[in-house]
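Q: The structure that follows is given in the form of structure tokens.
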Amino acid sequence: MKNLTLFIFSFFLISSSTNSDIDKRIDSIMSDMSIEQKIGQMAQINLTVIANGPDKWSSFEPLQIDKDRIEKAINKYHVGSILNTTNNRARDISTWNQIIDEIQSYALSSETAIPILYGIDGIHGATYIDGATMFPQQIGTAATWDIKNSFNMGMVTAYETRAAGIPWNFSPVLDLGQDPRFPRQFETFGEDPYLTTQMGLASLEGQQGIDNNMNNDFVVATSIKHFLGYQTTISGKDRTPSYIPEHVLRELHLPAFEKAISQGAKTIMINSGLINGIPVHADRYLLTDLLRDELGFDGIILTDWEDINKLHDRDKVAESRKEAIKIAINAGIDMSMIPYDYEEFCDNLLELVKEGEISETRIDESVRRILKLKIELGLFDKKNKPDYIDFGSQKHQNYAYDAAVESMTLLKNVNSTLPIKNKNKILVTGPNGDSMRTLNGAWTYSWQGEKTDFFAGDHNTIYEAIKNKFTDSDVKYIPGVTYPINEDYDKEPKFEYYDQYVDQKKEAIKYANEEADIIVLCLGENTYTEKPGDLNDINLNRLQIDFANEIIKSGKPVVLVLNIGRPRLISEIESKVNAVINIYLPGNFGGDALADILYGSVNPSGKLPYSYPLYSNSLIPYNYKPAEVQNNAQGAYNYVGEVNNLYDFGFGLSYTSFEYSNLKLNSNQFSKNENIYLSVDIKNTGEIMGKEVIQVYSKDHYASLTPDIKRLRAFKKIELKPGEIKNVKFEIKVQDLGFINYQNKHVVETGIFDLMVGSLKSELIIQ
């Protein structure tokens, strides 16, 4: 105990000394800075602005830095941060290191000698780095229900991003994906706050390291996003208004961010939309009172793309862009992702300071945070870079494959259609059957992912993987329906993601009728994100549905493979197919993972991280209120309220079966400050090894605010041999059974609760 105390005390002294040294270093730097130089640190510009090219929106190839442009940006305007890539495409690792080194060399030799903080969107791998390892998108990672997969994705993404010389990643996404219409649902960890929190913390730890040591050359600083309530819009469309009571914001949307801040998240990116009529970038209550003062966040608050300008251009809360800057900076913004018109931002901000509309003290607060992160990342210090021998390595690829195969969720399997057995002729069809683009989704080698097939050609599509796996079968691909292909990867895409056309439909139907023994029907979406991905119709594309109906008429077994970023309605065809498997957006190894599951060499273990709706007007998360389900009324009125899901949150089948028994609690009565210890036995009652996700839910019988029908409180993924029984234990704080009331306070009320695991239930009383 004495040694432990001494260690803790010594650690405290070291940490305090380090923080003190950093503060002194910041003081020294800022003492020599002019107000113009300070303001420049708050500006973030796109790489194209300083690249050699025809304009500030594009560059010539090969990519080169323009000396005059970088001179203006860094020496005249003292820009502190750069992001992204040029021409919307990935670069190889040598190009990135050359460009980053050149930028930093110029910055460190400038008048201020302050390095550039370079940031990038590495969403499911190092997005803009050619040869990087691509994992499933976050929604697929959540479907694994195993935090190790989120940690591995974060760790590998950080390693391979840092290998390119980039120290800052705009990830993870901690938004709740509660609306299947929203174009960025695939970037989330699903619709549940607890699942999102656990997966998000694992990703954060993987990226920033267990000890949050930013001077480690194998980690990055993260930017958790998008604070707060971003994906809960009324319309279901990106960057449109939301109306969210504060107690709901705190109950559902805040926990993941609060935990991530406590874990040491370095920066945070802000919601691009409006909540209750106020643009979040203008909301001082959310950015300063809540985020700074209440949650204690001391890192950088970063805007999203052009969002300060939108206060004037779109939201009309500022009469000019200059006033927009005043509102946003005074609300709490530290750095503006401009990304092009930085001169206007810097000039206007300087005027505002000189006019007394923004205090220099307020500017100093932001600059201190920016300089602190640059110091922590070691950007001021010259040091030898390590060899990144594991960049794109087999080890990293294995992590990505494991996540992909564990994400895939078997939703239907009539008469054990899967795994495929004794089938000589397999027809792979549908627009997603031979595309690396659709396996990955957006944020893959480019913003919308349209360049993926050019960069990922050495990986296997679904068709290629099935052909390689089923070597004793005759595997044929006939699309039936196809997405147009952008022929020139150096140019912007010519087609919208939703464009589709009939392609060899007659040939596919003929082969299905006359030749095929089984049909693997690969339907879904092409890649999209943000505003381009907005939906007016959540149904699966009509061409695909019509084609599916024709294929089904063949009478052959049909395996429906859903390659989707959000649940598109399939109610018209679901009852007619023999099997359904949701593969989400599984990344570069999704084809191989699916082939292994279809073959039976891997047992599927994914579970839905969202509710899969049955109808277009039934888009309700699993934690709904009891009023959503009502009985027929007596007398003059007759009404029925129903929740209609095709598949429920947390659902997923296996090639084996599991039996739950012996649910026990350490007591049936608890005080508000106690912990609940729960155990349950799980048995593999089938004939093959399988993984099962044990999910623990709570239900409050009565509360002062209408309780949710149920809430996820814990989960654990285990593997069981045939006939094996495991006793699984959980510890749940009674405090976690509380909720945020109308006074925006967390309360735990006395009363009766249920804890539910599978079909088992145990009642407890909180006194």
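The values are calculated or read from the model by the stated rules, or taken from the named source; none is laboratory data. Since the model is a prediction, treat every value here as computed from it, not as a measurement. Positions of Cβ are backbone-derived with ideal geometry, glycine not excepted, and every protein chain shown enters the neighbour counts.
Q: Being in a loop (DSSP other than H, G, I, E, B) and polar (S, T, N, Q) is the filter; apply it to the stretch 263-304 and report the residue that is nearest to L349 (Cα to Cα).
A: T303
Q: Can you name every residue in the stretch 579-611 that is buried (at least 24 other Cβ atoms within 10 Å of the Cβ) and among the hydroxyl-bearing types (S, T, Y)?
A: Selection gives Y584, S605, Y610, S611.
Q: Please enumerate the residues belonging to the stretch 527-543 that are surrounded by 16 or more Cβ atoms within 10 Å (Cβ to Cβ) and under 25 Å from G273 (Cα atoms). Break it down into steps so the answer makes sense when it comes.
A: Step one: filter the stretch 527-543 for residues surrounded by 16 or more Cβ atoms within 10 Å (Cβ to Cβ), giving 527-530, 532-535, 538, 540-541, 543.
Listed by number, the residues that qualify are T527, Y528, T529, E530, P532, G533, D534, L535, I538.
Quick grid of which residues meet (1) out of contact with any Ser or Thr (no Cβ under 8 Å at 6 or more places or on another chain); (2) at pLDDT 95 or above; (3) not assigned by TED's automatic domain parsing to the domain that holds G565:
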position	(1), (2), (3)
K412	yes, yes, no
I420	yes, yes, no
D434	no, yes, no
T438	no, yes, no
T461	no, yes, no
I478	no, yes, no
K491	yes, no, no
Y498	yes, no, no
Y511	yes, yes, no
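Q: Taking G690 and the conditions (1) touching a residue at least 24 places away in the same chain (Cβ under 8 Å); (2) surrounded by fewer than 19 Cβ atoms within 10 Å (Cβ to Cβ), which numbered condition does it fall short on, given that it satisfies the others?
A: Looking at each condition in turn, G690 falls short on (2).
Q: Can you tell me which residues in the stretch 698-736 are part of a loop (DSSP other than H, G, I, E, B), touching a helix residue (DSSP H, G or I) at 6+ places or on another chain (Cβ under 9 Å) and surrounded by 13 or more Cβ atoms within 10 Å (Cβ to Cβ)?
A: Kept after step one, since they are part of a loop (DSSP other than H, G, I, E, B), are these residues of the stretch 698-736: 701-710, 721-724.
Of the ones still in play, those that are also touching a helix residue (DSSP H, G or I) at 6+ places or on another chain (Cβ under 9 Å) are 705-709.
Hits for the stretch 698-736 are L705, P707, D708, I709.
Q: So, S661, is that one of a type outside the set (V, I, T), more than 31 Å from the chain's Cα centre (by Cα) and not in a strand (DSSP E or B) or not?
A: Working: of a type outside the set (V, I, T): yes; more than 31 Å from the chain's Cα centre (by Cα): yes; not in a strand (DSSP E or B): no.
It is false that S661 is of a type outside the set (V, I, T), more than 31 Å from the chain's Cα centre (by Cα) and not in a strand (DSSP E or B).
Q: Taking only the stretch 205-260 into account, find how many residues are assigned to a loop (DSSP other than H, G, I, E, B) and either surrounded by fewer than 16 Cβ atoms within 10 Å (Cβ to Cβ) or at negative phi (or both).
A: Within the stretch 205-260, the subset assigned to a loop (DSSP other than H, G, I, E, B) is 209-220, 228-241, 243-245.
Now restrict to residues that are either surrounded by fewer than 16 Cβ atoms within 10 Å (Cβ to Cβ) or at negative phi (or both): 210-211, 213-220, 228, 230-235, 237-238, 240-241, 243-245.
Qualifying residue count, the stretch 205-260: 24.
Q: If E687 meets every condition in (1) under 27 Å from S407 (Cβ atoms); (2) touching a strand residue (DSSP E or B) at 6+ places or on another chain (Cβ under 8 Å) apart from one, which number is that one?
A: (2)
Yes/no matrix, rows are residues, columns are (1) within 30 Å of I103 (Cβ to Cβ); (2) surrounded by fewer than 24 Cβ atoms within 10 Å (Cβ to Cβ); (3) of a type in the set (S, T, N, Q):
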residue: M155; (1), (2), (3): yes, yes, no
residue: N169; (1), (2), (3): yes, no, yes
residue: G177; (1), (2), (3): no, no, no
residue: P180; (1), (2), (3): no, yes, no
residue: E187; (1), (2), (3): yes, no, no
residue: E191; (1), (2), (3): no, no, no
residue: Y194; (1), (2), (3): no, yes, no
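Q: Among the residues of the stretch 408-435, write down those that are in a strand (DSSP E or B) and either closer than 18 Å to E687 by Cβ or without any contact (Cβ under 8 Å) to a residue 12 or more places away in the chain (or both). Spell out how you get there, then give the answer.
A: The initial filter retains those residues of the stretch 408-435 that are in a strand (DSSP E or B), namely 409-413, 425-429.
Within the stretch 408-435, L410, N413 meet the criteria.
Q: A further question on this structure: Out of the helices (runs of 4 or more DSSP H) lying entirely within the stretch 305-407, which hold 2 or more residues that are outside the structural domain of F589 (by TED's automatic domain parsing) and over 21 Å from V280 (Cα atoms)?
A: Working: elements: 307-313, 321-331, 342-354, 360-376, 394-407.
Filter on the stretch 305-407 gives 342-354, 360-376, 394-407.
Q: When only residues in the stretch 173-216 that are acidic (D, E) and touching a His at 6+ places or on another chain (Cβ under 9 Å) count, which is farthest from K266 (Cα to Cα)? Give the steps one after another, and end with the answer.
A: The initial filter retains those residues of the stretch 173-216 that are acidic (D, E), namely 175, 179, 187, 191-192, 205, 211.
From what's left, touching a His at 6+ places or on another chain (Cβ under 9 Å): 175, 187.
Details: D175: 17, E187: 20 Å.
This residue is E187.
Q: Where the second residue is assigned to a helix (DSSP H, G or I) and the first is among the aliphatic types (A, V, I, L, M) and lies in the stretch 97-112, which pairs have Cβ atoms under 9 Å and are six or more apart or on separate chains?
A: I99/L47; I103/L47; I103/I50; I103/I70; I103/I74; A107/I70; A107/I74
Q: Continuing with this model, one more query. Surrounded by 14 or more Cβ atoms within 10 Å (Cβ to Cβ), under 30 Å from M155 (Cβ atoms) and modelled with pLDDT of 95 or more: is that true of L377 in this structure? Before you say what the answer is, go through the steps one by one.
A: Details: surrounded by 14 or more Cβ atoms within 10 Å (Cβ to Cβ): yes; under 30 Å from M155 (Cβ atoms): yes; modelled with pLDDT of 95 or more: yes.
Criteria met by L377.
Q: Give me the pairs, please: first residue somewhere in the stretch 732-753 and on the phi > 0 side of the Ramachandran plot, second residue anywhere and of a type in the set (A, V, I, L, M), beta-carbon distance under 9 Å, and either six or more positions apart or on two chains.
A: N744/L249; G751/A703; G751/I765; G751/I766
Q: Out of S34, S81, I need the residue that is without any contact (Cβ under 8 Å) to a residue 40 or more places away in the chain and either more than 19 Å from I338 (Cα to Cα) or surrounded by 21 or more Cβ atoms within 10 Å (Cβ to Cβ) (or both). Which one? Give the derivation first.
A: Details: S81 fails: without any contact (Cβ under 8 Å) to a residue 40 or more places away in the chain.
Residue meeting the stated conditions: S34.
Q: Now for a different question. Using the structure shown, decide if T438 is part of a loop (DSSP other than H, G, I, E, B), crowded, with 24+ Cβ neighbours inside 10 Å and among the β-branched types (V, I, T).
A: Details: part of a loop (DSSP other than H, G, I, E, B): no; crowded, with 24+ Cβ neighbours inside 10 Å: yes; among the β-branched types (V, I, T): yes.
When the stated conditions are applied, T438 does not pass them.
Condition check ((1) of a type in the set (S, T, Y); (2) in a loop (DSSP other than H, G, I, E, B)) across all residues:
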residue: Q98; (1), (2): no, no
residue: T112; (1), (2): yes, yes
residue: Y118; (1), (2): yes, no
residue: T127; (1), (2): yes, yes
residue: T133; (1), (2): yes, yes
residue: G154; (1), (2): no, no
residue: Y159; (1), (2): yes, no
residue: A164; (1), (2): no, yes
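Q: Also, quick follow-up: Within the stretch 522-560, can you find the residues that are more than 20 Å from P484 (Cα to Cα) and among the hydrophobic types (A, V, I, L, M, F, W, C)?
A: Of everything in the stretch 522-560, those that are more than 20 Å from P484 (Cα to Cα) and among the hydrophobic types (A, V, I, L, M, F, W, C) turn out to be I538, I551, I552, V558, V559, L560.
Q: Kindly indicate which of G131, G119 is outside the structural domain of I581 (by TED's automatic domain parsing) and at positive phi. Spell out the reasoning first.
A: Numbers: G119 fails: at positive phi.
G131 is the lone residue from the list that is outside the structural domain of I581 (by TED's automatic domain parsing) and at positive phi.
Q: All but one of (1) modelled with pLDDT under 95; (2) more than 34 Å from the chain's Cα centre (by Cα) hold for K24, so report the exception by its number.
A: Among (1) modelled with pLDDT under 95; (2) more than 34 Å from the chain's Cα centre (by Cα), K24 violates only (1).
Q: So, one more: Name the residues in the stretch 497-543 that are assigned to a strand (DSSP E or B) and under 22 Å from S235 (Cβ atoms), would you? Give the steps one after another, and end with the answer.
A: Applying the first criterion (assigned to a strand (DSSP E or B)) to the stretch 497-543 yields 501-503, 518-524, 539.
Passing the criteria: only N539.
Q: Please determine whether any residue of the stretch 189-203 is touching a strand residue (DSSP E or B) at 6+ places or on another chain (Cβ under 8 Å) and over 25 Å from P586 (Cα atoms).
A: no
Q: Across the stretch 463-506, what is the total count of residues that are exposed (fewer than 14 other Cβ atoms within 10 Å of the Cβ) and either of a type in the set (V, I, T) or within 17 Å of I552 (Cα to Cα) (or both)?
A: Of the residues in that region, 3 qualify.
This table checks each residue for (1) at pLDDT 95 or above; (2) in contact with a Phe, Trp or Tyr (Cβ under 7 Å, 6 or more places away or on another chain); (3) surrounded by fewer than 16 Cβ atoms within 10 Å (Cβ to Cβ); (4) over 19 Å from A265 (Cα atoms).
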{"site": "F297", "(1), (2), (3), (4)": "yes, no, no, no"}
{"site": "D304", "(1), (2), (3), (4)": "yes, no, no, no"}
{"site": "I308", "(1), (2), (3), (4)": "yes, no, no, yes"}
{"site": "H312", "(1), (2), (3), (4)": "yes, no, no, yes"}
{"site": "G332", "(1), (2), (3), (4)": "yes, no, no, no"}
{"site": "E351", "(1), (2), (3), (4)": "yes, no, yes, yes"}
{"site": "K385", "(1), (2), (3), (4)": "no, no, yes, yes"}
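Q: Restricting to the stretch 664-699, count the residues that are of a type in the set (K, R) and more than 31 Å from the chain's Cα centre (by Cα). Even if it seems obvious, please write down each step before you answer.
A: Going residue by residue through the stretch 664-699, those that are of a type in the set (K, R) are 664, 672, 683, 691, 699.
Filter once more, keeping what is more than 31 Å from the chain's Cα centre (by Cα): 664, 672, 683.
So the count comes out to 3.
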